[in-house]
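J.: Please read through the structure below; I'll follow up with questions.
The values are calculated or read from the model by the stated rules, or taken from the named source; none is laboratory data. Quantities reported herein were computed from a predicted structural model and do not represent experimental measurements. So basically every Cβ, Gly included, is an ideal-geometry build from the backbone, and we count neighbours across all protein chains shown.
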Ligand code: NAD
């Protein structure tokens, strides 16, 4: 047994004792911890950016925007609104109970476990931590072993900045996560794939621990025949090839209505060249695939259609060019699982009805995007499909809006967070009825 494995029960006991002592409950402690987390991110910004480059070849600007500053924004939004979010909420009482008072009080849950994936290895453990701390909890972070440099940086800096009695980082892989899941927590917040999501939920059931499962899936993009293909292509390229396509809310595939596909093909090829140059392997803003297992998986998907742009690979450097595939059959391998890489298939459908039918016949996606200027089309998409979120005209960006809830539905997950939604996720909403005795 490794040292880490042996220490896990004691780590959780320490946090439980800290929570039991009441130290995490005062608003002052919560604010101090959030300020300390903010200081860690700004003072160690370069160290985190270097780690993210080492793990995923994320360029510094992207690492700051989508990971480091992302969490700073989440902290600022939380600090600004925390008093209001935590204030007891009046609840209207039925007349027969008057005089009297009904309130909803948010109380912390206790010790929470946050398990993160490798694709945004910093953001996806620290953004949940913001909510957990703001709600007054103690917590364990388990960052992904597949992003070892970022995980090491988190394990190094979190204890330097945050209250060590109440926040711990456990490094390691499946054995360590398994050992953590045997412990009793008051909430488990898991981000990753659905197979492990099921393992997490099974382990949580043993202790009746509530969970949030932030999973993935194939997020479709409906493109109307009438829209400007140039603007559509530019926004699709920005969203799809961010982090080399390894983003949970990345557009997975395009459903092009009528002749939209034909118009998009040339525009997408132009947009890829405009963003990454003629040879994206030289581009300073294009990332790499996380490991050879995912490189090999993605490489086999390139044969699923006609290559419009891209298609080049370099196994040694885990490089797969930003690729658009046309003439893709719904039965082809690229349409099997979430792609989670820089390949964008275009499937032609004759009508909006066919697009909606295509989407509803499959698992509920984490995000659904549509490029259309027709309000009736938007209304139909909202009313007739189910997904974690909907983005009209701008994929991925909703994830960075802290006033919007972020989470999936069905196979794309359960639970939601960011901003006020994080407070509610990491709190118990206690009902209080106060009836005067006389
Ligand atoms: P991963 O392989 O890094 O796994 C995530 C975590 O699960 C790690 O901490 C790992 O230690 C743990 N784990 C792995 N196997 C385990 C097991 N057998 N038992 C217990 N714990 C185990 O990441 P991943 O799952 O490959 O991440 C990619 C997936 O995550 C994609 O499906 C993506 O869409 C999804 N994702 C979702 C979101 C979201 O916010 N909804 C964000 C990012 C990624």
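J.: Filter region 2-40 down to residues that are touching a helix residue (DSSP H, G or I) at 6+ places or on another chain (Cβ under 8 Å) and closer than 15 Å to residue 159 by Cβ and give me whichever is surrounded by the fewest Cβ atoms within 10 Å (Cβ to Cβ).
T.: Filtering region 2-40 for residues that are touching a helix residue (DSSP H, G or I) at 6+ places or on another chain (Cβ under 8 Å) and closer than 15 Å to residue 159 by Cβ, the one surrounded by the fewest Cβ atoms within 10 Å (Cβ to Cβ) comes out as 39.
J.: Failed condition for residue 187, given (1) surrounded by 22 or more Cβ atoms within 10 Å (Cβ to Cβ); (2) away from the ligand (no atom under 11 Å from the Cβ); (3) not assigned by TED's automatic domain parsing to the domain that holds residue 29, with all others met?
T.: The one condition residue 187 does not meet is (3).
J.: Sort out which residues of region 396-438 are more than 17 Å from the chain's Cα centre (by Cα) and at pLDDT 95 or above, and write them in order of number.
T.: Of everything in region 396-438, those that are more than 17 Å from the chain's Cα centre (by Cα) and at pLDDT 95 or above turn out to be 424, 427, 428, 429, 430, 431, 432, 433, 434, 435, 436, 437.
J.: What is the number of the single condition among (1) within 20 Å of residue 254 (Cβ to Cβ); (2) in contact with a strand residue (DSSP E or B) (Cβ under 9 Å, 6 or more places away or on another chain) that residue 384 does not meet?
T.: Just one mismatch for residue 384, condition (2).
J.: Consider residue 128 carefully, then state whether it is farther than 23 Å from residue 252 by Cβ, modelled with pLDDT of 95 or more and near the ligand (Cβ under 10 Å from one of its atoms).
T.: The answer is yes for residue 128.
J.: So for region 21-31 (the condition being in contact with a strand residue (DSSP E or B) (Cβ under 7 Å, 6 or more places away or on another chain), within 28 Å of residue 178 (Cα to Cα) and assigned to a loop (DSSP other than H, G, I, E, B)), does at least one residue qualify?
T.: Looking through region 21-31, at least one residue is in contact with a strand residue (DSSP E or B) (Cβ under 7 Å, 6 or more places away or on another chain), within 28 Å of residue 178 (Cα to Cα) and assigned to a loop (DSSP other than H, G, I, E, B).
J.: Quickly run through region 317-346 and pick out the residues that are more than 16 Å from the ligand (Cβ to nearest atom) and either without any contact (Cβ under 8 Å) to a residue 12 or more places away in the chain or part of a loop (DSSP other than H, G, I, E, B) (or both).
T.: If the condition is that a residue be more than 16 Å from the ligand (Cβ to nearest atom) and either without any contact (Cβ under 8 Å) to a residue 12 or more places away in the chain or part of a loop (DSSP other than H, G, I, E, B) (or both), then 317, 321, 322, 327, 328, 329, 330, 331, 332 are the ones that fit.
J.: Okay, moving on. So which residues in region 360-395 are closer than 30 Å to residue 313 by Cβ and buried (at least 22 other Cβ atoms within 10 Å of the Cβ)?
T.: Of everything in region 360-395, those that are closer than 30 Å to residue 313 by Cβ and buried (at least 22 other Cβ atoms within 10 Å of the Cβ) turn out to be 365, 366, 367, 368, 369, 371, 391, 395.
J.: Hey, could you check region 212-231 for residues that are in a loop (DSSP other than H, G, I, E, B) and within 16 Å of the ligand (Cβ to nearest atom) and say which is nearest to residue 357 (Cα to Cα)?
T.: Filtering region 212-231 for residues that are in a loop (DSSP other than H, G, I, E, B) and within 16 Å of the ligand (Cβ to nearest atom), the one nearest to residue 357 (Cα to Cα) comes out as 218.
J.: Those residues that are in a strand (DSSP E or B) and in contact with a strand residue (DSSP E or B) (Cβ under 6 Å, 6 or more places away or on another chain), I need them from region 94-115; list them, please.
T.: Passing the criteria: 101, 102, 103, 104, 105, 106, 107, 111, 112, 113, 114, 115.
J.: Has region 142-163 got any residue that is buried (at least 16 other Cβ atoms within 10 Å of the Cβ), within 15 Å of the ligand (Cβ to nearest atom) and either closer than 17 Å to residue 9 by Cα or not assigned by TED's automatic domain parsing to the domain that holds residue 68 (or both)?
T.: Yes, that holds for at least one residue.
J.: Same structure again: Yes or no: region 200-209 includes at least one residue that is away from the ligand (no atom under 15 Å from the Cβ) and surrounded by 18 or more Cβ atoms within 10 Å (Cβ to Cβ).
T.: The answer is no; no qualifying residue exists.
J.: Would you mind stating whether residue 314 is more than 24 Å from residue 367 (Cα to Cα) and touching a residue at least 12 places away in the same chain (Cβ under 8 Å)?
T.: Criteria met by residue 314.
J.: Could you identify the single residue in 258, 277 that is over 23 Å from the mean Cα position of the chain (by Cα), in the same structural domain as residue 368 (by TED's automatic domain parsing) and farther than 24 Å from residue 63 by Cα?
T.: Values: 277 fails: farther than 24 Å from residue 63 by Cα.
Among 258, 277, only 258 is over 23 Å from the mean Cα position of the chain (by Cα), in the same structural domain as residue 368 (by TED's automatic domain parsing) and farther than 24 Å from residue 63 by Cα.
J.: Oh, and also: State whether one or more residues within region 73-87 are within 16 Å of the ligand (Cβ to nearest atom) and either farther than 24 Å from residue 35 by Cβ or assigned to a helix (DSSP H, G or I) (or both).
T.: yes
J.: Determine, yes or no, whether residue 49 is at pLDDT below 95 and more than 16 Å from the ligand (Cβ to nearest atom).
T.: no
J.: Can you pull out the residues in region 237-283 that are in a loop (DSSP other than H, G, I, E, B) and closer than 24 Å to residue 227 by Cα?
T.: The answer is 241, 249, 250, 258, 259.
J.: Of the residues 402, 436, only one is within 16 Å of the ligand (Cβ to nearest atom) and touching a residue at least 40 places away in the same chain (Cβ under 8 Å); which?
T.: Unique residue meeting the criteria: 402.
J.: Any residue in region 216-227 that's touching a residue at least 24 places away in the same chain (Cβ under 8 Å): show its pairings with residues that are assigned to a loop (DSSP other than H, G, I, E, B) and surrounded by fewer than 24 Cβ atoms within 10 Å (Cβ to Cβ) at Cβ separation under 6 Å, as long as the two are six or more apart or on different chains.
T.: Here the result reads 216/338; 217/338; 217/363; 218/338; 224/372; 225/258; 225/259, each pair linking region 216-227 to a residue that is assigned to a loop (DSSP other than H, G, I, E, B) and surrounded by fewer than 24 Cβ atoms within 10 Å (Cβ to Cβ).
J.: Another one. Can you find a residue that is touching a helix residue (DSSP H, G or I) at 6+ places or on another chain (Cβ under 9 Å), surrounded by fewer than 18 Cβ atoms within 10 Å (Cβ to Cβ) and within 21 Å of residue 63 (Cβ to Cβ) anywhere in region 314-328?
T.: yes
J.: Give the residues of region 425-438 that are surrounded by fewer than 18 Cβ atoms within 10 Å (Cβ to Cβ) and out of contact with any helix residue (DSSP H, G or I) (no Cβ under 7 Å at 6 or more places or on another chain), sorted by residue number.
T.: 428, 429, 430, 431, 432, 433, 434, 436, 437, 438
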